[in-house]
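For reference, the structure discussed in these notes is given below.
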Amino acid sequence: MTRSSLATAPTRYGATAIALHWLLGLALIGLLGFGVYMTDLPLSPTRMKLYNWHKWTGVALLALSLVRVLWRFTHRPPALPVAVEQAMPGWQKLAHHGTHLAMYLLFFAVPLTGWAYSSAAGFPIVFLGRFPLPDFVPVSESLAEFFKLGHATLAFTLAGLVLAHVAAVLKHQWVDNDGLLQRMLPGRG
């Protein structure tokens, strides 16, 4: 970058990126908690209704993740502030980029393995009770078990990465006191 382009480069994320970040982040946390809660319920009409809501929300978050990735590819995020970049050890830079990449991959892998699990178990997804989605794996007890384990493992992996992301943000905010969080807060022009 030239000196003049650095002067005009954005230092904060735009409103759309901020909205997508917080909407997806909060929804993922809620969906994980909801998923853990519903799996311990006894078989009942209420449990089946909750499973459908979980599936619908997962499909909606899959679509939202696609929007977020498309936005990210078409709107370059602001670079890390020079002082932050220079203060970060190499392993933190690697963790920063690796965590973000892994989270983006899991935004897709978690709902797709849930969808595959539902298909393999013979429980089709009918989005909002009106729009049947295609099954993309055959009904198979062994496949259902495989995807059930995969869905849970990937969901908890994503939860761990979200916790690491939040911990890093809190470290930057309260230990480093570098203001990095302000780049992603709404309404802070």
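The values are calculated or read from the model by the stated rules, or taken from the named source; none is laboratory data. All values derive from a computational prediction rather than experimental measurement. Quick reminder, even Gly has a Cβ in these numbers, built from the backbone with ideal geometry, and neighbours come from all protein chains shown. What goes into the accessible areas is simple: the full protein's heavy atoms, side chains included, and nothing from ligands, DNA or RNA. Shrake-Rupley method; radii C 1.70, N 1.55, O 1.52, S 1.80 Å.
Remarks
- In a reduced charge model with +1 at each Lys and Arg Cβ and -1 at each Asp and Glu Cβ, the chain shows a dipole moment near 540 debye about its Cα centre.
- The range 1-99 shape via C-alpha gyration tensor axes, a/c threshold 1.5: prolate
- Acute angle (nearest 10 degrees) that the helix 15-39 long axis makes with the longest principal axis of the chain, alpha-carbon atoms: 40 degrees
- In this structure the range 28-112 gives 62 Å² per residue of accessible area when probed at 1.4 Å with all protein chains present.
- Under 17 Å from Lys171, Cα to Cα: lysines that are on another chain or at least 8 residues apart: Lys93
- Between helix 45-74 and the chain: long-axis angle, C-alpha atoms, 0 to 90°, nearest 10: 30 degrees
- Checking (1) -0.76, -0.80, -1.07, -1.15; (2) -0.69, -0.78, -1.14, -1.24; (3) -0.57, -0.67, -1.23, -1.40 against the coordinates, the calculated log10 I(q)/I(0) by the Debye sum over Cα atoms at q = 0.12, 0.13, 0.17, 0.18 Å⁻¹ falls under label (2).
- Rounded to 10°, Cα long-axis angle of helix 141-170 versus longest principal axis of the chain: 20 degrees
- Per residue Cα convex hull volume in Å³ - calculated over the range 89-139: 79 Å³
- From helices alone, the chain scores -23500 deg cm²/dmol at 222 nm; the rule is -39500 (n - 2.57) for each run of n ≥ 4 DSSP H residues, then divide by the residue total.
- Carbon + sulfur, % of accessible area of the chain - ligands and nucleic acids excluded, 1.4 Å: 71 percent
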